[in-house]
Amino acid sequence: MKRALVTGGAGFIGSHIVNLLLDEGWSVAVLDDLSTGRRERVPDSARFVQGSITDADAVREALEGAEYLFHTAALPRIQPSFDDPIAHERVNVLGTLTCLEAAKDAGLKKVVVSSSASCYGNTRVLPTPEDAPIDLLNPYALQKYAAEQYALILGARNGVPVVSLRYFNVYGPGSYNPDDRHNAYSSVVGVFAHLRKMGQPLTVTGDGEQTRDYVHAADVARANLCAALSDAAGRVYNVAYGQPTSVNRIADLVGGPRVYVPERKGEARDAWGDISRIRSELGWAPRIDMEAGLKTLL
């Protein structure tokens, strides 16, 4: 039986990874401080440790006996990272370093790091490959890129195989947490689905013609599993659907009235991921298209 630790396993993406691993017969531990995650998302069959990734003792306790580390824990919002960059730096960068230091002595078979396609910023290369220029528009993008690079550098130095997955816009069940005070900055798919259920108009920032590459959380979980079981080390992979969709198109699919508000600064205009590398090297491809995935939320 394979044994894994999922940091942030009570969160949106982390919980999808936990459920997939359990379905595959793995033994799973979860480390989460519940600052944005929810305890009820962690199945009883997983060992739960409540604690922060910035706490070395908690990380070592949760990592005990693990062979694989899926590192998803983070403060995951762009606009709040402007408001409190120190707190975000502490969790997103120093927390990652704490996990990497614990992993150094644990004899892990693989560390899979959840990174972000926000590091590409306003790239002119569309679809965007992994070797496109980095364009950091906000503290969150800077922190996720720094954490990724720390993981790759220290993994190579310490003999711990590391793979980094740069997620584009992830959506799916659980993407909208009504108890999260930063819900205004959640993925637009989850926000629109919630507004539709509440009978409220859809709030569109800017002109709504900005595009994102939406990938379902179930597909993201599979990408993590593929990365963990692969021979890849020191590699970065985009995780996306491979097709751009405008915010207005999402609003059309959700349906109902909408209102337009001024656009937010520090966010990319367009995002579209080139997924040829992860297809060829890991054999992963998305299975859930936007219309089918959206139906699961509505």
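The values are calculated or read from the model by the stated rules, or taken from the named source; none is laboratory data. All figures in this text were calculated on a predicted structure; none of them were measured in a lab. Don't worry about glycine lacking a Cβ; one is built from the backbone with ideal geometry, like all the others, and counts go over all protein chains shown. The accessibility values were calculated without ligands, DNA or RNA, using every heavy atom of the protein model including side chains. Shrake-Rupley method; radii C 1.70, N 1.55, O 1.52, S 1.80 Å.
Listed by position, the helices (runs of 4 or more DSSP H) contained in segment 44-154 that have at least 1 residues being at pLDDT below 95 are 78-83, 95-104.
Residues are listed down the side, and each one gets a yes or a no for (1) within 18 Å of Ala103 (Cα to Cα); (2) among the hydrophobic types (A, V, I, L, M, F, W, C); (3) touching a Ser or Thr at 6+ places or on another chain (Cβ under 7 Å):
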| position | (1), (2), (3) |
| --- | --- |
| Gly11 | no, no, yes |
| His16 | no, no, no |
| Leu22 | no, yes, yes |
| Gly25 | no, no, no |
| Val30 | yes, yes, no |
| Asp33 | no, no, yes |
| Glu40 | no, no, no |
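Screening Ser246 against (1) farther than 26 Å from Lys144 by Cα; (2) touching a strand residue (DSSP E or B) at 6+ places or on another chain (Cβ under 8 Å); (3) among the polar types (S, T, N, Q) leaves a single unmet condition, (1). For segment 54-77, filtered to residues that are within 14 Å of Glu101 (Cα to Cα) and under 16 Å from the mean Cα position of the chain (by Cα), the residue that is surrounded by the fewest Cβ atoms within 10 Å (Cβ to Cβ) is His71.
Go through segment 27-43 and give me each residue that's crowded, with 20+ Cβ neighbours inside 10 Å and modelled with pLDDT of 95 or more.
Restricting attention to segment 27-43, the residues satisfying the condition of being crowded, with 20+ Cβ neighbours inside 10 Å are 28-33, 36-37, 41-42.
Once the filter is applied, which keeps residues that are crowded, with 20+ Cβ neighbours inside 10 Å and modelled with pLDDT of 95 or more, segment 27-43 yields Val28, Ala29, Val30, Leu31, Asp32, Asp33, Arg41, Val42.
In the set Glu130, Glu148, only one residue is buried (at least 20 other Cβ atoms within 10 Å of the Cβ), among the acidic types (Asp, Glu) and closer than 30 Å to Gln243 by Cβ; that residue is Glu148.
Table: residues versus (1) of a type outside the set (A, V, I, L, M); (2) part of a strand (DSSP E or B); (3) at pLDDT below 90.
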site: Arg166; (1), (2), (3): yes, yes, no
site: Asp180; (1), (2), (3): yes, no, yes
site: Gly190; (1), (2), (3): yes, no, yes
site: His194; (1), (2), (3): yes, no, yes
site: Val204; (1), (2), (3): no, yes, no
site: Val220; (1), (2), (3): no, no, no
site: Cys226; (1), (2), (3): yes, no, no
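For segment 249-258, the count of residues that are within 24 Å of Val125 (Cβ to Cβ) and either over 19 Å from the mean Cα position of the chain (by Cα) or not hydrophobic (A, V, I, L, M, F, W, C) (or both) is at least one.
Among the criteria (1) open to solvent by less than 60 Å² (accessible area, probe 1.4 Å); (2) of a type outside the set (A, V, I, L, M, F, W, C); (3) out of contact with any strand residue (DSSP E or B) (no Cβ under 8 Å at 6 or more places or on another chain); (4) outside any loop (DSSP other than H, G, I, E, B), the one Asn238 does not fulfil is (3). Select from segment 267-298 the residues that are crowded, with 16+ Cβ neighbours inside 10 Å and in a loop (DSSP other than H, G, I, E, B) and list them in ascending order. Within segment 267-298, Glu267, Ala268, Ala271, Trp272, Asp274, Ile275, Trp284, Pro286, Ile288 meet the criteria.
May I ask you to verify whether Arg258 is among the basic types (Lys, Arg) and open to solvent by 60 Å² or more (accessible area, probe 1.4 Å)? Spelling it out, Arg258 is indeed among the basic types (Lys, Arg) and open to solvent by 60 Å² or more (accessible area, probe 1.4 Å).
If we scan segment 78-87, do we find a residue that is closer than 27 Å to Ala240 by Cα, of a type in the set (Phe, Trp, Tyr) and surrounded by fewer than 19 Cβ atoms within 10 Å (Cβ to Cβ)? Within segment 78-87, one or more residues are closer than 27 Å to Ala240 by Cα, of a type in the set (Phe, Trp, Tyr) and surrounded by fewer than 19 Cβ atoms within 10 Å (Cβ to Cβ).
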